[in-house]
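**Student:** Take this structure, written in structure tokens, and hold onto it; I'll ask about it next.
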Amino acid sequence: MTTKEKVKRRILSIEKSCEYLGGISKVSLYNRVNEGELTLIKIGRRSFITLESLDAYLDRCIEAAGGGDAA
């Protein structure tokens, strides 16, 4: 395992973020950003989505679908 593989990614590119959310379109992804559901950061001219906001968004979607853990 390389050093790069050992480091947990904290941000994903727009393309990888779309894949992470099941293959949604870039338009759908940017709609979630504009609605405040996802956190977009810019590094230079590139845009990224934080993994933390992607996971939180998925958790909210699962909960809304009634798929949360029943404790």
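The values are calculated or read from the model by the stated rules, or taken from the named source; none is laboratory data. From a predicted model like this one, the values you see are computed outputs, not experimental measurements. Glycine also receives a Cβ, built like all others from the backbone with ideal geometry; neighbour counts cover every protein chain displayed.
**Student:** Residues in region 1-24 that are at pLDDT 95 or above and loosely packed, with under 10 Cβ neighbours inside 10 Å: how many?
**Tutor:** Qualifying residue count for the region: 2.
**Student:** Of all residues in region 29-54, which are surrounded by 11 or more Cβ atoms within 10 Å (Cβ to Cβ) and not aliphatic (A, V, I, L, M)? Walk me through how you get there before you give the answer.
**Tutor:** Going residue by residue through region 29-54, those that are surrounded by 11 or more Cβ atoms within 10 Å (Cβ to Cβ) are 29-33, 37-41, 47-54.
Result: 30, 31, 32, 37, 39, 47, 48, 50, 52, 53.
**Student:** Hey, another quick one. Among the residues of region 23-71, which ones are closer than 19 Å to residue 11 by Cβ, charged (D, E, K, R) and assigned to a loop (DSSP other than H, G, I, E, B)?
**Tutor:** Passing the criteria: 37, 45.
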